[in-house]
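What follows is a single structure, written as structure tokens, with notes after it.
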């Protein structure tokens, strides 16, 4: 089971590590997009969310307080669709569909991050292939 969980962790964080890296290396373009969506302080928000994704993703990947890493990822990805992918305000059908896909993807990733938070917290030190045990303890 440990190897299966490790493979799942690797696959799960790939999207966050890539996106976080883009937030920090393409800050001007990413903050311009955030500004077009009405995000306040778009440059600062881009940097903060990039760090959240990289740090959270690395924590889950390496198993260093992976429960806290999953919480960081959830804190980023759950509000994101409400701010960045408001499909209901799109009038063009193709744009509406595209935003709806991103909206649903982000919600799904948020749900998975919350499940990982619970899983890592519950499994505790019994889960192998991690560098530390969880920070939180669930029942």
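Okay, here's what the table says:
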item	result
Number of positions in the range 28-51 that are crowded, with 16+ Cβ neighbours inside 10 Å and either in contact with a strand residue (DSSP E or B) (Cβ under 8 Å, 6 or more places away or on another chain) or in contact (Cβ under 8 Å) with a residue 12 or more places away in the chain (or both)	9
One residue from 109, 68, 54, 62 being crowded, with 18+ Cβ neighbours inside 10 Å, touching a residue at least 40 places away in the same chain (Cβ under 8 Å) and under 23 Å from residue 133 (Cβ atoms)	68
Residue in the range 88-104 that is crowded, with 19+ Cβ neighbours inside 10 Å and either more than 12 Å from the chain's Cα centre (by Cα) or modelled with pLDDT under 95 (or both) present	yes
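The values are calculated or read from the model by the stated rules, or taken from the named source; none is laboratory data. Note that the structure is a prediction, hence the values are computed from the model and not measured. Every residue, glycine among them, receives a Cβ derived from its backbone with ideal geometry; neighbour counts consider all protein chains shown.
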